[in-house]
Amino acid sequence: IFIIVLSIDKQAVLTMLSQLLLALAFALAQPPRPNMFGIGLVNEGTATQLQLTQGLGGDGGWVLLTMAGIDNTTTTAQGSWVDGVRSAVGMNLSVVVRLSPPWGQSFFRDEADDTSQSPRTNFTTLARAHASVVAGLATALPQGYSRSLYVVVGNEPDLCYEWFCKIPGAPLPFATTATEYAHFYSQVAQAIKQNGDARIKVGAAPMAPGGAIQCGCCGSQNCGAGDKPGITGLQFMKAMMTAVPNVYQQSDFLASHSYPASGIGYGFNVGYSAGLPGLKYYQLELSTIGYKLPVLMTETGWATQRQGLPPCTENDKATWTVQAYNGVWCNDSAILGVMPFMLQDAVWGDQDGYEYVHVNGQVAPVYSAVATLRKQKGYDPQ
């Protein structure tokens, strides 16, 4: 009989067990998924606004930066846009940029390469302009940057003031507008992909849940009775796919404006429970395109006093937003990030009541409530 006696260093074993227990406790304490907390900005972001964004969303939180100013003469990104991306990345934020024409000049259809067509389908020059902007923004990403820069091309083209005629003509049925935007987006996405930067992810514009069945084409953003509501964003998306069947296959993610609403495209700004159909609208969008894409919620939320919407209090807004995180957004792994509308603005914020921070710097109750919830869920809890 051979007896082997092992000399065991009890202290070493205890140390190893202690380290294993600490590692297990740390793992159990980590959130089950990456940070999805964030906010949207209506500009490229000031230093103060980005600091407020970081305070709200924490490390890895999300920010939407709006780059408004692209037309068919654009050859590069504006310096302030590059600085905005660089600053946001430097604050360890996950960055989404919305590429847009100058404010009030959403007439890309009349900047097409052939404006004799109807619908317009040749947007080669505008596609190059967008690709040049994205190439410029990419210079703000540090060497070895491992995250993605998410690029949203346009905004709510199913609304007349987001895709209107500079040159007056016959009214535009929504199928014409959808065809034009589908070709525009497809060509922009292809041009951006040709830059060859794998860090860049591209997505089509989010749709307004309730869109226009016809736009007046009167040469202005607002054509009065010529602009007729009557479709959902889902119908517009279907019309896009009829025109360019692979249009959403050219998207790396779905950008969604799933605002709280009691119905699909109507009944907005109701409380959390009544608003669940609208908060879950993105699920219908995914069903419409027919396959899975990660979702970025680039607008959502409540307004306390916007004309035409039922009012609510600031405390209502805070409570319902926390309920939406707990009941919808944090529970769906398809959602990468949530960027409610919006951090700070004199009109959309202080006047309409969407703001998380007033223009005087005072934070609204929703800002504090969401920051607290984010910490409670273990995202950058310091």
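The values are calculated or read from the model by the stated rules, or taken from the named source; none is laboratory data. A quick note: this is a predicted structure, and the numbers were derived from the prediction, not measured. Here the Cβ is made from the backbone with ideal geometry for all residues, glycine too, and neighbour counts use every protein chain on show. Note: areas computed on protein heavy atoms with side chains; ligands, DNA, RNA excluded. Shrake-Rupley method; radii C 1.70, N 1.55, O 1.52, S 1.80 Å.
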Residues with amide H under 5 Å from that of PHE268, placed H, sequence gap 5 or more: SER262
Carbon plus sulfur fraction of accessible area for the chain, probe 1.4 Å, in percent: 56
Translational diffusion of segment 95-224, µm² s⁻¹ [Kirkwood Rh, Cα pairs; Stokes-Einstein; 25 °C; 0.890 mPa s]: 161
P(r), alpha carbons of the chain - 20 Å bins starting at zero, rounded %: 28, 55, 12, 4, 1, 0
Full-stretch length increase - SER18, THR124 - with 0.36 nm per residue and alpha-carbon distance subtracted: 31.9 nm
Net charge of Cβ neighbours under 12 Å - reference ASN92; Lys, Arg +1; Asp, Glu -1: -1
Quotient of Cα Rg and 2.2 N^0.38 Å for segment 26-150, N being how many residues it contains: 1.25
Proximal charge balance of GLY154 [Cβ under 9 Å; K/R count +1, D/E count -1]: -1
Solution diffusion estimate, µm²/s, Stokes-Einstein, segment 242-382, Kirkwood Rh from C-alpha pairs, 10 °C, viscosity 1.306 mPa s: 100
Residue-averaged [θ]222 nm for the chain, counting only DSSP H segments that reach four residues, each worth -39500 (n - 2.57): -10500 deg cm²/dmol
Accessible-area order (highest first, 1.4 angstrom probe) of the listed residues TYR161, TYR181, TYR272: TYR161, TYR272, TYR181
Net length gained if the chain between SER287 and ASP59 were fully extended (0.36 nm per residue, minus Cα distance): 78.9 nm
Inter-part distance where segment 152-175 and segment 104-122 are each reduced to a Cα centre, Å: 10
The chain, dipole about Cα centre (Lys/Arg Cβ +1, Asp/Glu Cβ -1), debye to the nearest 20: 820
Mean Kyte hydropathy of 0.5 or more with a Cα span along the axis of at least 24 Å, helices from DSSP in the chain: 10-29
Loop-located trypsin sites (Lys or Arg not before Pro) in segment 244-329, at most 11 other Cβ atoms within 10 Å (DSSP): LYS292
Lys/Arg +1, Asp/Glu -1 at C-beta; segment 34-140 dipole; positive extreme among PHE108, GLN54, THR75: GLN54
Selection of trypsin sites (Lys or Arg not before Pro), segment 170-248, meeting DSSP coil and at most 10 other Cβ within 10 Å: none
For segment 181-303, share of DSSP beta bridges that run antiparallel, in % to the nearest 5: 60
Within straight-line cross-link reach of LYS166, lysines at Cα separation under 19 Å, skipping those fewer than 8 residues along the same chain: LYS228
Orphan Cys of the chain, criterion: no other Cys C-beta under 4.7 Å: CYS312, CYS330
Solvent accessible area, Å² - ARG33, 1.4 Å probe, full protein context: 40
Around PHE37: net Lys/Arg minus Asp/Glu count, Cβ-Cβ under 13 Å: +2
Residue-level accessible surface for ILE167, protein heavy atoms, 1.4 Å, Å²: 90
Distance (nanometres) between label positions extended 7 Å along Cα→Cβ at LYS280 and LYS193: 3.3
Inter-site label distance for ASP110 and GLN249 at 7 Å from Cα along Cβ, in nm: 3.6
